[in-house]
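What follows is calculated from the coordinates using simple rules that are stated; it is not laboratory data. What you see is a predicted model; the values in this text were computed from it and never measured. Using ideal geometry, Cβ is built from the backbone for each residue, glycine included, and neighbour counts are taken over all protein chains shown.
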Amino acid sequence: MKDFSLGDSEYKLMEVIWAYAPISSGELSDICEKSHGWKKTTVYTMIKRLCDKGFIASNKAKITYLVRKEEVQHQQSNELVQRNFQGSLPSFVNAFLGDKNLSKDDAAKLIEMIEKHTK
């Protein structure tokens, strides 16, 4: 299984890439400067790191993603449940909800998802 580990800043950069790809490195740098206050050198360093990790490709200064956001979210959420809740999805949901109440609409959507994924 591919390692989808990303630091916080890398994930923020990936969010911009997922939203705008394909995008030139210059445009990406401009967006990141406005949204995160990052300098061009910071963005270019992270672009290189993400290329090296296999998350993105840079061809003639055009950035495209190689890994979809849903893939990263899936692996990271599975790792969170395994690491912090010993693989127990009900324990995770209980901790996530805490003392919050679900709307009837959210509850219905969750029930639908559970039924879809029940063996």
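Structure notes:
- Close amide H pairs (under 5 Å, H built 1.01 Å from N) link Phe55 with no residue at least 5 positions away or on another chain.
- Near the amide H of Ile63, within less than 5 Å, lie the amide hydrogens of Ile23, Ser24, Ser25, all on another chain or at least 5 residues away, with H placed in the peptide plane.
- Working note: Cα gyration tensor of the chain, eigenvalues times five, square-rooted, sorted largest first, giving semi-axes of 34, 16, 14 Å.
- Counting only DSSP H runs of at least 4 residues, each contributing -39500 (n - 2.57), and dividing by the residue count of the chain, the helix-based mean residue ellipticity at 222 nm comes to -21000 deg cm²/dmol.
- With Cα atoms, 0 to 90° folded angle of helix 8-20 axis to the chain main axis: 80
- Highest to lowest packing among 45-57, 75-87, 105-117, scored as the average C-beta count within 10 Å: 45-57, 75-87, 105-117
- Per-selection Rg to Rh, region 1-60 - Cα, Kirkwood hydrodynamic radius: 0.93
- Partners for Lys34 among lysines (Cα-Cα distance below 28 Å; same-chain residues under 8 apart left out): Lys12, Lys48, Lys53, Lys60, Lys62, Lys69
- Normalised by the number of residues in region 1-81, the average gap of Cα pairs under 8 Å and 6 or more apart makes the relative contact order 33 percent.
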